[in-house]
Amino acid sequence: MTAPPSFNDLVHAPNRLQICALLAVVGSAEVSMVRGALGVAGSVLSKHVAVLHDAGYVDVHKSTCASRVRTSLSLTSAGIAAYEGHVAALRAITDGGPLAERGRARRRAAMV
């Protein structure tokens, strides 16, 4: 299901956009994997996950395995909708929005 285009300032921050993109593909991932994929410190990831979690976009799951606590992340349905809507808005801006069409028309006119 594709969400309608809706630019989302909360998702737009580069690290949060990468978190959402990763979780949209894999469904659920351990924090260590997300941290490694983004190449950020644990404190940076924690800050961005907290913002997404507080907005209701990310669920944080804790489990115990071999007496170690493992933390995994997943997008909520609201998070999926926000991410998909944001990506659709970015596509509309870059691919087919009114400004993009005017720019293409100017380039075509300059080539004549």
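The values are calculated or read from the model by the stated rules, or taken from the named source; none is laboratory data. Small disclaimer: the values here were computed from a predicted structure and weren't measured. No Cβ is skipped: glycine too gets one built from the backbone with ideal geometry, and neighbour counts run over all protein chains shown.
Key figures for this structure:
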| read-out | value |
| --- | --- |
| Failed item in (1) assigned to a helix (DSSP H, G or I); (2) at pLDDT 90 or above, with A92 passing the rest | (2) |
| Where a residue in segment 47-69 is on the phi > 0 side of the Ramachandran plot and its partner, wherever it lies, is surrounded by fewer than 15 Cβ atoms within 10 Å (Cβ to Cβ) and assigned to a helix (DSSP H, G or I), with Cβ under 9 Å and at least six apart | G56/A78 |
| Residue tally, condition assigned to a loop (DSSP other than H, G, I, E, B) and either over 13 Å from the mean Cα position of the chain (by Cα) or of a type in the set (D, E, K, R) (or both), over segment 25-43 | 3 |
| Scan of segment 5-19 for residues that are within 16 Å of S74 (Cβ to Cβ) and free of Cβ contacts under 8 Å to residues at least 24 places away in the same chain, ordered by number | Q18 |
| Residue in segment 56-69 that is under 23 Å from R91 (Cβ atoms) and of a type outside the set (V, I, T) present | yes |
| Number of the exception - L22 against (1) in contact (Cβ under 8 Å) with a residue 24 or more places away in the chain; (2) not in a strand (DSSP E or B) | (1) |
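Each row is one residue, and each column tells you yes or no for (1) touching a helix residue (DSSP H, G or I) at 6+ places or on another chain (Cβ under 9 Å); (2) of a type outside the set (D, E); (3) within 16 Å of V87 (Cβ to Cβ).
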site	(1), (2), (3)
V11	yes, yes, yes
Q18	yes, yes, yes
L22	yes, yes, yes
V25	no, yes, yes
E30	no, no, no
V34	yes, yes, no
G39	no, yes, no
S43	no, yes, no
H48	yes, yes, no
